[in-house]
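Heads up, the thing below is written out as structure tokens.
The values are calculated or read from the model by the stated rules, or taken from the named source; none is laboratory data. These numbers were taken from a predicted model, which means no experiment stands behind them. Here the Cβ is made from the backbone with ideal geometry for all residues, glycine too, and neighbour counts use every protein chain on show.
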């Protein structure tokens, strides 16, 4: 059977780093789409205002990186990230925010995010980070000891070892085996930890587009 050759644009897209952006700021979505379309080696799969169509797209399309706004109208980026990461073949997830303080880094690590990217970063830094994420790198820095100590003080004692392993990059299945828990229970605890950390969530502020 003769295979039909892909057109040049389709072939380029198949070889590109495929990105989905989720952001409730229209200017940010438009800027991200424009940037990816103009940058060799990248393809914009979708730019969404919320998560309503996200999982349908992830099931249907190959996606390398999801760029996820931290402060969405209908949900928060960390809880959504944790949900994305439960998929059997989960893409890399970058939390994209104008608020990149250490507290967010801790929450992102617990939610299994692969990076926290600041919306004010230069375009070259953003694209470089997306390339590294697509290649399998995890760009989350280790949280400061005092931040971990403060977070630990707010948690139930049974959640502390789960948080420590999540921050270390351990997958829920491996945590379940290490702590003799069901994997679903590990995920529930991770969701609970994210909820506690979200209690100190920053206020929304106007953000610059890409």
Q: Working only within region 109-168, note down all residues that are farther than 25 Å from residue 64 by Cα and not in a helix (DSSP H, G or I).
A: 143, 144, 155, 156
Q) Mind checking whether some residue in region 84-99 is closer than 24 Å to residue 164 by Cα, assigned to a helix (DSSP H, G or I), in contact with a strand residue (DSSP E or B) (Cβ under 9 Å, 6 or more places away or on another chain) and at pLDDT below 95? A) yes
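In region 84-99, how many are crowded, with 18+ Cβ neighbours inside 10 Å and either more than 17 Å from residue 22 (Cα to Cα) or within 10 Å of the chain's Cα centre (by Cα) (or both)? Lay out the reasoning, then the answer.
Here is the first cut: in region 84-99, the residues crowded, with 18+ Cβ neighbours inside 10 Å are 84-85, 91-99.
Filter once more, keeping what is either more than 17 Å from residue 22 (Cα to Cα) or within 10 Å of the chain's Cα centre (by Cα) (or both): 84-85, 91-96.
Number satisfying all stated conditions: 8.
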Q: Could you figure out which of (1) within 28 Å of residue 39 (Cα to Cα); (2) surrounded by fewer than 21 Cβ atoms within 10 Å (Cβ to Cβ); (3) within 11 Å of the chain's Cα centre (by Cα) isn't true of residue 108?
A: (2)
**Q.** Filter result (more than 16 Å from the chain's Cα centre (by Cα) and in contact (Cβ under 8 Å) with a residue 12 or more places away in the chain) within region 30-43
**A.** 30, 31, 33, 34, 35, 36, 39, 41, 42, 43
Q | Condition met for residue 28 (crowded, with 18+ Cβ neighbours inside 10 Å and modelled with pLDDT of 95 or more) | A | no
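Hey, among the residues in region 51-68 that are farther than 22 Å from residue 136 by Cα, out of contact with any helix residue (DSSP H, G or I) (no Cβ under 9 Å at 6 or more places or on another chain) and assigned to a loop (DSSP other than H, G, I, E, B), which one's modelled with the lowest pLDDT?
Narrowing region 51-68 to residues farther than 22 Å from residue 136 by Cα: 51-53, 56.
Pick out the ones that are also out of contact with any helix residue (DSSP H, G or I) (no Cβ under 9 Å at 6 or more places or on another chain) and you get 52-53, 56.
Now narrow it down to the ones that are assigned to a loop (DSSP other than H, G, I, E, B): 52-53.
On the way: 52: 89, 53: 92.
Across region 51-68, the extreme among qualifying residues is 52.
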**Q.** Of all residues making up region 171-185, the number that are within 19 Å of the chain's Cα centre (by Cα) and buried (at least 17 other Cβ atoms within 10 Å of the Cβ)
**A.** 1
